[in-house]
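What follows draws every value from the coordinates through simple rules; no lab data is involved. Since the structure is predicted, the reported quantities are computational estimates derived from the model, not experimental observations. FYI the Cβ positions are ideal-geometry reconstructions off the backbone, even for glycines, and counts take in every protein chain you see.
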Amino acid sequence: MSDTIQKYKDYVMTGFLKSVVPIVIDHASGATVTDVNGREYLDCFAGISVVNAGHCNPQVIAAAKKQMDKLVHCASYIYHVQPVADLAEKLAHIAPGGLSKTFFGNGGAEAIEGALKLARLYTGKHEFISLHASFHGRSWGALSITGNQGRKKRGGPYAPGIAFAPAPYVYRSQWPDDPEECGRQCAKAIDDVVRFATAGDVAAFIAEPVMGEGGILVPPGNYFKEVKKVLDQHGILFIADEVQSGFARTGKMFAIEYYGVEPDILVTAKGIADGFPLSAYTVRPEIAAAYKPGDHLSTFGGNPVSCAAALANIEFMEKENLPGRATELGNYAMGKLRDLQKQNPLIGEVRGLGLMIGVELIKDEKKTPGTAEAEAVRDSLLRQGVLVGVGGIYGNVVRFQPPLVISKEQLDRALAAFAAALSEVAQPVGA
Ligand SMILES: Cc1ncc(COP(=O)(O)O)c(C=O)c1O
């Protein structure tokens, strides 16, 4: 056993995982990572959908190094620091309508917590509505609004004042062939939830514009417009959790842009700084004004190196049109995967936006989740030198979320490996 793996066993807490993938990553570039033995892997998971501009993107690294030589930390909320100001200005330009003031934290869950706190301070209300199958992070507040027992087990009871509405999971809804009806009904259900499951004191509704951990669930095109009507009737804010779907991943800078509505609070992390730890929530000035002295802070929030990296990352995305690239390559990949679906009953559904793609595996016509099959596909892909994620509320969705700089040839290689993995898994045991 390698020294690194042994030290993980002895000194790193990992009991919350079935296992850690038994490879030791040494370095990475673009869409590939290389282990300590020199074996190269094609990375179709991007560090859980983080390195959208590619591993060790030269522009991002150069900006970070330049900043690192000048200033690493001096508490960005106690003093003024240039990269924080520049990045906040940039976010104000790219965020959906009117969101112009940002708070910076370090990770997704921290930003979610801050967004919930600010929503309560601004509205003076205390409850939240979230969705079944949602995931918003591992801190207690974030888990309280997470709609998945798999993530919540052994941590309860959770915060009171949170009600859940059905997810627009078209494929497993009553309307698998009518997404618009699914969108309408799921939005209407939020009205019922407000009326029957809350005290009428709802500060905000929170949703992921594309639900990542829930299994790459893409809400129908009408969903958020219908939802917004309900929210407006009740004076409820809309928090868009774009931690996973943001920063060009889905073919737009933010996935909510597909839906013709504007959130009141936009939460981001993961892809914001191409792997440097950073998160943010961005709001309208009047919402930001709800914070009063003493209400909030983060020692490491707005780290100058992360902010400099983020700015270079976003500029790279704009210059190289990464949203356009994600759309083009995503449509190409989903087309190929749908062709594969025609010959392969293991594939229940191929869905996604841009390069946020999920392939839901099923065992039979009753859509029994192919959970073991998804794990077997991931293991086969690993043996073939391709990294993918597995997720979904049943653990049966293979997730393709590669760096958006992946080449068409690399994508073809990943898709061929996936086809081979499926045939391997479809073989009866012992064949
Ligand atoms: C939609 C969403 N929100 C929040 C989080 C939590 O982010 P972090 O792991 O950085 O705390 C995640 C992480 O996967 C996520 O996908």
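Each of the peptides 90-98, 44-52, 183-191 was scored by the mean count of other Cβ atoms within 10 Å over its residues; in descending order, highest first, they stand as 44-52, 183-191, 90-98.
Backbone N atoms of region 15-51 closer than 17 Å to the 7 Å Cα→Cβ label point of Ala416 belong to residues 40-44.
When the helices of the chain are scored as -39500 (n - 2.57) per DSSP H run of n ≥ 4 and the total is divided over every residue, the value at 222 nm lands at -12000 deg cm²/dmol. Here's the picture: a label point sits 7 Å out from the Cα of Asp201 along the beta-carbon direction, and within region 139-174 the residues with their amide nitrogen under 15 Å of it are 159-163. Take 231-238, 268-275, 398-405 and order them by the average number of nearby Cβ atoms within 10 Å per residue, most first; the result is 268-275, 398-405, 231-238. Per-residue Karplus couplings for region 93-106, computed as 6.51 cos²θ - 1.76 cosθ + 1.60 with θ equal to phi - 60°, are listed in order as 6, 9, 6, x, x, x, 7, 9, 10, 10, 10, 9, x, 10 Hz, Gly and Pro entered as x. Placing dummy labels 7 Å off each Cα toward the beta-carbon, the span from Thr371 to Lys7 is 3.5 nm. With 21 Å as the limit on Cα-Cα distance, the pairs of Lys7/Lys153; Lys152/Lys228; Lys66/Lys90; Lys367/Lys408 that go past it are Lys7/Lys153; Lys152/Lys228; Lys367/Lys408. Computed from backbone phi with θ = phi - 60° and the Karplus coefficients 6.51, -1.76 and 1.60, the 3J(HN,Hα) list for region 6-14 is 4, 5, 4, 4, 7, 10, 10, 6, 9 Hz; x is used for glycine and proline. For region 313-390 versus region 241-263, the inter-centroid distance based on Cα atoms is 19 Å.
The protection proxy used here, the mean number of other Cβ atoms lying within 10 Å of each residue, ranks peptides 113-120, 207-214 as follows, highest first: 207-214, 113-120.
Using only alpha carbons, build the gyration tensor for region 271-314 and give me the equivalent ellipsoid semi-axes, biggest first, whole Å.
24, 13, 7
Max-minus-min Cα coordinates of region 104-176 on each principal axis give 38, 28, 25 Å, with the largest extent listed first. Residues whose amide H comes within less than 5 Å of that of Ala248, counting only those at least five positions distant or on another chain, are Met253, Phe254 (H built at 1.01 Å from N in the peptide plane). With the largest listed first and rounded to whole Å, the semi-axes of the equivalent ellipsoid of region 10-134 from the Cα gyration tensor are 32, 24, 16. According to the Cα-based calculation, Rg over Rh for region 224-295 is 1.02, with Rh computed by the Kirkwood formula. Each DSSP beta bridge with both residues in region 58-319 is either parallel or antiparallel, and the antiparallel ones are about 40%.
Measuring how big region 183-326 is from its alpha-carbon positions, Rg and Dmax come out at 16.7, 49 Å. Phi angles across region 256-262 convert, under the Karplus curve 6.51 cos²θ - 1.76 cosθ + 1.60 with θ = phi - 60°, into 3J(HN,Hα) values of 4, 4, 5, 9, x, 9, 10 Hz, Gly and Pro given as x.
Three principal axis extents of region 284-431 based on alpha-carbon atoms, in descending order, are 67, 33, 27 Å. Out of every Cα-Cα pair that region 58-319 contains, those further apart than 31 angstrom amount to 23 percent. Using the Cβ-Cβ distance between Asp35 and Val72 with R0 set to 25 Å, the FRET efficiency from 1/(1 + (r/R0)^6) comes to roughly 0.30.
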